[in-house]
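The values are calculated or read from the model by the stated rules, or taken from the named source; none is laboratory data. Fair warning: this is a prediction, and the values are worked out from it, not measured in the lab. Each accessible area value is taken on the protein alone, full model and side chains, heavy atoms only, with ligands, DNA and RNA left out. Shrake-Rupley method; radii C 1.70, N 1.55, O 1.52, S 1.80 Å.
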Amino acid sequence: MRSMLLLYAALLLQQMPLLCVAFLQEGVSIRVAAPSRTGILIQHESSPTGAETADATSSNSNNKGGDAPTPEVEAQVVCPTTDLKDELFDLSASTERGFKASREQRKRVQDIVKKLAELNPTGEPASSYYEGNNNSGPALDDATADLAGKWTLMYTDAPDIISLDSGGLGPIPSAAKLGRIGQECSPPYIKNVIEWTKPEFVKSLSLPFSGSDEDRILQKVVCEASATPADPTVVDLKLVGLDIVGDRGADNEDDSADGDNDDNILRRIQAGPAGLIGSTPLELRGFLTAPFGKFTVKYLDEELRIIETYQGYLAINRRQTPGEEWF
């Protein structure tokens, strides 16, 4: 009788994969998770067979008053895009926007950018700069991300940007301290925004006509941008002019409310450079535009934008969200 049972069991084993038998003995079900191109998890689960259902029913009945059923085991796949972006943000912070990055750190950033470029979820990142398409881009909750919006620089290896934080000329300290750097993309224009604040040594001197410690000046290099569907990741730039804005916080409203009377003009002079310039932009425009280079969008989603200039330098920006805007 025992030999007959063994023969019957052998015949059953030939009708099913050995892997299924092994997992059925342990009472474990499997879910397969596969990453898509954008790193989103897609899970597939096969329907239980009759044998699996019967086995589960038998297992539950045998566990009455005993141990809990064996928990379901699920394969987990970590989103590659999220990990790469997190590492990129960490490197940006630890290198102070790339200004103090070592050669090894810059090489690591380049490697991350290369990997993210392969996962770029946006096929036409410059679509809002196509000719005749002067809108502000799609909303953030749309399926396709867009260049339009306000961005803050997180990392760069461009020498012309890094040199802005030189701290002065030799023993002579700089008259202004470099603050944040950003970009305002409002088709058909792109404005490169640089924030200048009062340096620490000026704050300690309490000089007259220097304004408050919170005063700042925004310098905006204005470019006209264009792109084509034939090359949807490349944006051409032409220099249009320069905007300069003084920001004194709440005092800006006081100055504008008083108009241009003598008292207000005197108060603006006493408020230093930011007060003298005022909150109304000083717009400098030429009669002609000049070529200002181009850049290629390597990666773009709702949060992160990576571009490469025509000289081969990187600029990594994070989109400003409502409540975090600084210009």
With every protein chain in place, the accessible area of residue 222 for a 1.4 Å probe, in Å² rounded to the nearest 10, comes to 0 Å²
Please arrange 163, 92, 174 by accessible surface area, largest first, computed with a 1.4 Å probe and ligands excluded.
163, 174, 92
Please work out how much accessible surface residue 292 shows to a 1.4 Å probe, ignoring ligands, DNA and RNA, in Å² rounded to 10.
90 Å²
5 angstrom amide H check on residue 179, placed H, neighbours 5+ away:
195, 196, 197
I need the phi-derived Karplus couplings for the stretch 216-225: 6.51 cos²θ - 1.76 cosθ + 1.60, θ = phi - 60°, integer Hz, Gly and Pro marked x.
8, 10, 9, 9, 10, 7, 9, 10, 9, 10
From phi via Karplus (6.51, -1.76, 1.60), per-residue ³J(HN,Hα) for the stretch 228-244 in Hz, x at Gly/Pro
9, x, 5, 9, x, 9, 10, 10, 8, 10, 10, 6, 10, x, 9, 10, 10
Karplus-derived HN-Hα couplings along the stretch 98-115 (A = 6.51, B = -1.76, C = 1.60, θ = phi - 60°), whole Hz, x at Gly and Pro
x, 5, 10, 6, 7, 4, 5, 5, 5, 5, 5, 4, 4, 5, 5, 4, 4, 5
Solvent-accessible surface (1.4 angstrom probe) belonging to residue 310, in square angstrom, nearest 10:
140 Å²
Given H placed on each backbone N at 1.01 Å, which residues far from residue 155 in sequence or on other chains put an amide H within less than 5 Å of it?
316
